[in-house]
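Report on one structure; see the data block that follows.
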Amino acid sequence: MADQLPYKPKPGEIPTNPGVYRFRDANGRVLYVGKAKNLRQRLSNYFAPLHTLHERTRRMVTTAASVEWTVVPTDVDSLQLEYQWIKEFDPPFNVKYRDDKSYPFLAVTLGDEAPRVMVTRNHRIPGAKYFGPYPKIWAVRDTIDLMIKVFPIRTCSDASYKRAMQTGRPCFPGQIGKCGGPCSHRVTIAEHRAMVDDFVAFMNGGDERFTRELTARMKAAAAAMDYEQAAIYRDKLASIDAVLNKSAMVLPDDADADLFGIAEDELSAAVHHFVIRGGRVRGVHSTTIDKELDISGPELVDQILQRVYGDAAPADVPRRVLVPTLPPDAEEIEQWLASRRGKRVEVAVAQRGQRAELMRNATLNATQALLRHKTRRTSDYAARSQALADLQEALGMDEAPLRIECYDISHLQGTNVVGSMVVFEDGLPRKDQYRSFSIAETTDDTDSMHQVLTRRLAHLDRPEEAAPDAAELATSDADDVVTAPSKRRRFAYPPQLLVVDGGQPQVAAAARALRESGHEEIALCGIAKRLEELWLPGEDYPVILPRTSEALYLVQRLRDEAHRFAITHQRKRRRRDIQSVLSEIPGLGEARIRALLRHFGSVTALRAGTVEQIEELPGIGPKLAATIYEHLHRDDAREPAVDAPVADGR
């Protein structure tokens, strides 16, 4: 592969002005759109020697056949043009948004003669004003039931409204008091429009004005001894309070803001968007994002803000936007948002107080949304089948890998080294076939990987053994129960594919183990943590799977599960080691061991303590304190310090 791209512009040809650039393939399709304050400086990063580029950036620039750019007057103009082009061309290497359209909305059909309030999932009603989305459809209906007691606007269908206006008979919801539109013949169209405006103003956050007005009217009616009318106002105030209690106040009453919580990994991101009006959360929106190119957190925030506000009406742009981290061009984003809103807009990081607490809540929701997104992709049968087929094609295998084993090595600063083996069959985990390996002596991770695979592959030649070595069987928690069949052990089943956690060195060690054991028919690959690329034995360049590939999601889940299983077993061994160090001391039982670890936090901290400090603990006298101190310092070379957090010592 040539180290320079044939379509690289000549020196000095690219201007230094702000602008937007597009990479196209040989067929003219736009592959990627980006913006830059300095086009020459930005594009030069793409035309660096290919071996220095990020793997996914290299894939993009080698797929492209040309690059073009458009100079714009200001950085704000580049923001607007970039958004327009991304929306128009839908480039495959830009981030992909997957809106969660399952949430229901409360909509007011302002384009109708007599606007109607309704529950809908349709986002394209002409002239409609939307509120939400809401997490559950019953939450929308409860809100509407309470609101029409205060603002009795139309709720009936268009067919019912038309029939009622033609016949002069109220619609059925109007007859039972559930519709207050002109079809109920209680108000005119103009009066109804005024109530609709009040409804929309309240939902936009103007609840304080209505509370004051209703309270004043209730007091005035009571003073005039019109108690029936006062009771009506009282019930309306109760309905308003009920609506407000469903959306607890999180910021000051005058706060209008949008807050974005973000959770991401190498392949995807999830965004949880809180719409705060009048200090209360008025709507929630979740979006998942597929990342094709490597993109940093601040750059992702930039893309999200462009997506959310690119087509937003002025009323939908708040005075403040709260994000986890500032985008690289925060000032230009503020100017762009201010031009859309018509007033000043602040983009800030939620750092303390109520804002920070709400940001933690949004981030937690985003984390859960990201987990759900990844789980759906791996639990769907069609997606799993596609993943195995894609993996077969990408790795050049003769058949789909129905059984895949993944291996990881875990240690604590070079001690307590363990290996893990997790098994997936038909794209699903088989926890009853997980195994853990204790590694006594090792030089590095590659040597550990070679040891683990050598020991595992040896069992392929002994299919009728009754039970595995006890040192190689371990359980990590209640969900990871390992069993041994009485006849043919599943540990002896050959996999079609071995996956190791790591890059070229780990793959080379695994390939050596396969070669020495005589099982080179088993396919092998390694997955590197940072770039999520797959390495094959003896290859100079990795296999790059598309970020939206089902195969990549499967391999990533394999790697993460192997890492989790290894870490859990390693921590379990560490707890046993800590107990063994302290249990050798005469007169020190389990209760006193737990008390020592709670107080000092670890064996290392206990070693550093004095006799007087040890003696301070209840139940430990001067003689026992001296015994503990002497035992821990008797032979430091023979008894290496084993550190562990307080929780692991309990």
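In square angstrom, what is the accessible area per residue of the range 275-323 with a 1.4 angstrom probe? Provide the component values of the computation, followed by the final result.
Numbers: 1400 Å² over 49 residues.
Ligands and nucleic acids excluded, the result is 29 Å² per residue.
Taking the alpha-carbon set of the range 309-352, what are its Rg and Dmax in Å?
10.2, 31
According to the Cα gyration tensor, what semi-axes, each the square root of 5 times an eigenvalue, does the equivalent ellipsoid of the range 11-88 have, listed from largest to smallest in whole Å? All intermediate terms of the calculation are to be shown ahead of the outcome.
Details: eigenvalues 83, 49, 22 Å².
Semi-axes from the Cα gyration tensor: 20, 16, 11 Å.
Compute the distance from the alpha-carbon center of the range 57-100 to that of the range 277-356, in whole Å.
If we compute the Cα centre of each part, the gap is 19 Å.
The values are calculated or read from the model by the stated rules, or taken from the named source; none is laboratory data. The structure displayed is predicted, hence computed values, not measured ones. Each accessible area value is taken on the protein alone, full model and side chains, heavy atoms only, with ligands, DNA and RNA left out. Shrake-Rupley method; radii C 1.70, N 1.55, O 1.52, S 1.80 Å.
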